[in-house]
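Following: one structure in structure tokens, then a few remarks.
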Amino acid sequence: MLNVSVFCIFASYLVAFGFELTRLRGQGWLARTLTLGFATAGLLAHTLYLLARASAENLPPLLSSSHDWLLVLAWLLMVLYLVLTIVDSQLAVGIISFPLIIGLVATSWLLPETSARSWDPLRSWAMLHASSLVLGTAAVLVGFVISLLFLWQNERLKQGAIAKRSLSLPSLEQLARLNLWAISTAVPLLSVGVLSGIILTNWTSENVWIDPVVLGGTIGWALICGLLTWQLSRTRTPGRKVAVATAWSSGLLLLAYVGLQVLTSAAGVSSVHGAKPVKVAPQAVTLPTKSANEEGQK
Amino acid sequence: MNLHVVSCNHQSSGLAIRERLAFSSAEDIQRAYQEFHERFPTSEVVFLSTCNRVEVYAANTEEDPAVVRQNLASFLSEFHHVPLEEFSEELTEHTGPEAVQHLFQVVSSLDSMVLGEPQIVAQVKEAYRKADENGSCGALTHALFQGAIRTSNRVRTETRLSNGRVSIASVAVGEFGKSIFDTFADKLVVVIGAGEMAEETLRYLADEGVQQVIVVNRSRDRAERLAEKYRGQVADWQQLDEWLGKADVIVSTTGADEPVVTMARFELARSKQNRYKPVFIIDLGAPRDFDAKIASLDDVYLYDIDSLQKTCDRNRKLRQAEVEKANRIIEEETQRFMSEFYSRAGGAIVKRLRDDWHSISQQELQKLFSKLSHLPAEDRDAIERTVARIVNKLLHPPLEALRDESKGGSPNGLLDALSRLFRLR
């Protein structure tokens with residue numbers, strides 16, 4: 001039997017981040033291997049945990065609870081980090097991505113593990129809502145990471161400091177382009193998420209506009225739409241200001257989607273995204289192994 | 001080992017002499033190889049001629065009077081028509097293992113004016129290629145130059161001797177410019193002034209793919225010369241503000257006593273069309289051509305000569321720290337080369353010894369078989385194989401001793417003893 005808990009995932013990512021930080025002082029192959037090793041082990045645990053949760057709840061992780069939705073978001077970012085690191089091992093993306101991913105995993109602890117409602121009759125719409133929002137939020141967080149990398153590179157260039165060989169940063173021009181791509185991807189995905197959410201509430205005949213999570217999320221979406229419009233409406237936009245605006249908008253969206261869910265859960269405020277009492281430490285989930293299955297069959 | 005190198009380099013002699021001794025064209029080099037072989041037909045030779053050094057590597061597997069300092073120096077003197085006394089004292093000489101170590105240091109850029117510079121490897125490879133083309137390489141020079149290339153690869157991969165840039169223009173373009181822009185192919189470069197530093201910086205920018213160059217200079221003649229070299233255009237000094245507004249990259253090297261571009265002038269020029277377009281300014285003027293306050297503007301990346309010089313110095317110190325590591329690799333490779341060389345040198349003696357002993361055993365076996373003619377063919381083969389094994393086992397200890405001796409240096413003493421003991425001539 002395999003026991004996988006959120007703590008396993010959290011601890012693996014935390015150790016990987018610790019090794020990643022050694023890059024600030026110039027990293028050797030051993031630390032790099034250990035970073036990748038722990039990150040991969042964490043991702044494996046993460047995947048197994050989500051599969052076990054889906055099996056236990058008999059629902060895709062996106063629908064089962066806010067706890068699982070957040071873990072899916074963290075999983076997407078982790079996969080992206082690993083792909084980028086394998087493509088370019090010197091890229092400084094881990095220094096910024098790890099705190100974000102670890103933060104998401106830690107926050108998932110504070111969210112309810114079970115959904116407040118059953119989505120059975122509206123499962124397809126609920127799936128569209130949850131998946132477009134998770135992908136859109138992931139794109140916003142990628143934009144957030146890119147913006148911080150831009151500000152880091154900008155600061156280095158302004159100071160005239162030499163780049164560390166173990167921490168390569170893309171050029172400002174490339175970061176600005178990637179930032180625009182990330183926000184351009186996020187806006188349609190978030191829009192689909194918000195619109196499908198509105199359609200869902202029409203069917204369920206609930207007044208969701210008093211729900212702080214829905215209200216905050218919609219404001220966050222409007223901010224990101226405004227940011228994209230601002231970027232596209234000007235032929236030249238000051239790069240540093242775009243990066244700062246993206247970082248703030250992304251931060252606010254994250255606060256709206258995640259922070260408000262934590263607060264409403266803690267305060268016991270009713271929300272369509274689940275308002276069960278806060279669970280401090282989720283139980284470890286048990287994954288059935290081949291021998292256990294065989295025993296069951298006997 | 002009969003290997004000599006005579007060298008006239010940036011440490012031992014001035015540019016005036018080096019220029020006169022240089023093999024400046026392909027025809028020069030070809031003629032030099034021809035004349036050298038007419039004089040010393042049995043010697044191998046490689047001429048290495050760069051802007052910082054002229055070196056002659058001459059080798060012969062046998063003792064050869066050609067391969068001595070005096071003859072090599074005379075050859076240089078007569079070939080270039082430069083009196084020997086004018087440069088004789090500035091020539092340095094290395095022989096045997098020292099010559100090997102010298103080449104390994106040269107190719108690893110430890111002997112270069114700029115420590116860690118990458119061009120020298122290509123220059124050594126080119127010199128070796130030309131020598132080979134001219135039929136001037138033999139077993140020793142092939143092994144020597146292949147060993148040199150292997151050494152430089154090890155030094156490059158196992159040390160950080162080539163890390164970081166150390167010239168002002170390369171630091172500006174490589175360390176900073178490439179972190180601002182993804183590509184320079186679509187960028188407009190405006191050069192203010194047409195001095196040497198501007199030209200050097202343009203060379204680096206051209207390597208990065210710059211295609212649009214505008215040169216603005218008070219003297220139109222100099223501007224035209226520079227613009228022509230980099231397929232650029234010349235603009236009048238009065239148009240400076242217009243080009244300041246359009247530029248992506250600005251290289252400034254005027255000799256003005258006070259800033260040519262003040263904050264107000266720059267802001268006005270940029271606000272007309274490209275207020276938020278990133279601009280990379282390399283201010284190589286001393287005193288500065290750009291007001292230092294301009295650096296505080298968003299999307300303006302301004303580097304003056306002092307800040308770039310500091311970066312160069314820091315990189316130089318980092319490279320210096322790697323010299324010891326590089327020297328250790330060179331020592332290892334020199335020992336390896338010498339050991340392989342001595343091993344090859346002993347090869348001829350070893351072959352003769354083995355051939356002699358097997359020949360004697362064959363003669364004795366023939367005598368034996370003629371007496372024992374009734375022996376079947378299988379028995380004869382078995383006896384022959386046994387005797388061959390005995391000979392090989394008897395040969396093994398002396399050959400092993402010879403191999404061990406080669407690792408520690410020249411095994412001449414042992415080779416001589418073997419020759420005398422077994423009358424190998």
> Which percent, to the nearest 5, of DSSP beta bridges fully inside the range B:168-311 are antiparallel?
Replying inline: 0 percent
> Given H placed on each backbone N at 1.01 Å, which residues far from B:Asn2 in sequence or on other chains put an amide H within less than 5 Å of it?
Replying inline: B:Asn60
> Sorting B:Asp111, B:Asp416, B:Asp257 on the 10 Å Cβ count, fewest up front, what's the list?
Replying inline: B:Asp257, B:Asp416, B:Asp111
> Between rounded, prolate and oblate, where does the protein assembly as shown land on the alpha carbon gyration tensor, with a ≥ b ≥ c its root eigenvalues, rounded for a/c under 1.5, else prolate if a/b exceeds b/c?
Replying inline: oblate
> Among all the aspartates and glutamates, which ones have a C-alpha under 13 Å from B:Lys367's C-alpha, if same-chain residues fewer than 8 places away are not counted?
Replying inline: B:Glu384
>> For B:Leu188, what residues show an amide H to amide H distance below 5 Å, using hydrogens built from the backbone and excluding near sequence neighbours?
In response: B:Asp248, B:Val249
>> Neighbour counts of other C-beta atoms within 10 Å: give me B:Asp182, B:Asp298 arranged from fewest to most.
In response: B:Asp298, B:Asp182
> By how many degrees, 0 to 90 and rounded to 10, does the Cα axis of helix B:139-158 deviate from the longest principal axis of chain B?
Replying inline: 50 degrees
> Going by alpha carbons, how many degrees (0 to 90, nearest 10) lie between the helix axis of B:412-421 and the longest principal axis of chain B?
Replying inline: 20 degrees
> Using Cα atoms only, what is the angle between the long axis of helix B:305-320 and the major principal axis of chain B, expressed in degrees (0 to 90) to the nearest 10?
Replying inline: 20 degrees
> Once phi is turned into ³J(HN,Hα) by the Karplus curve 6.51 cos²θ - 1.76 cosθ + 1.60 with θ = phi - 60°, what whole-Hz value does each residue of the range B:36-41 show in order, with x for glycine and proline?
Replying inline: 4, 6, 5, 7, 10, x
> Among B:His81, B:His102, B:His4, which comes first, second and so on when ranked by fewest other beta-carbon atoms within 10 Å?
Replying inline: B:His81, B:His102, B:His4
>> Which of B:Leu394, B:Leu76, B:Leu188 ends up with the largest GNM mean-square fluctuation for chain B, with Cα atoms connected below 10 Å?
In response: B:Leu394
>> Here is the link list: B:Lys178/B:Lys317; A:Lys164/B:Lys293; B:Lys187/B:Lys325; A:Lys158/B:Lys325. Which ones come out longer than 31 Å on Cα distance?
In response: B:Lys187/B:Lys325; A:Lys158/B:Lys325
> If each Cα of the range B:346-421 is one equal point scatterer, what is log10 of I(q)/I(0) from the Debye formula at q = 0.15, 0.17 Å⁻¹?
Replying inline: -0.61, -0.71
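Which shape class, rounded, prolate or oblate, goes with the range A:128-238 when its Cα gyration tensor gives a ≥ b ≥ c as root eigenvalues, a/c under 1.5 marks rounded, and past that a/b bigger than b/c marks prolate? Write out the running numbers ahead of the final one.
Details: a/c = 3.08, a/b = 2.54, b/c = 1.21.
It comes out prolate by the Cα gyration axes.
How large is the dipole of the protein assembly as shown about the Cα centre if only Lys and Arg carry +1 and Asp and Glu carry -1, each at its Cβ, rounded to the nearest 20 debye?
Result for the protein assembly as shown is approximately 2040 debye, rounded to the nearest 20.
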> What order, most packed first, do the peptides B:359-367, A:160-168, B:190-198 have when packing is the mean number of other Cβ atoms within 10 Å of each residue?
Replying inline: B:190-198, A:160-168, B:359-367
> Any idea what Rg and Dmax come out to for chain B if you just take the C-alpha atoms, in Å?
Replying inline: 31.9, 116
> Going by a ≥ b ≥ c, the root eigenvalues of the Cα gyration tensor, does the range B:168-311 fall in the rounded group (a/c under 1.5), the prolate group (a/b larger than b/c) or the oblate group?
Replying inline: rounded
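Each value in this text was obtained by applying a stated rule to the coordinates, not by laboratory testing. Please read all numbers here as calculations on a predicted model, not as lab measurements. Virtual Cβ from ideal backbone geometry, glycine too; neighbours counted across all protein chains shown.
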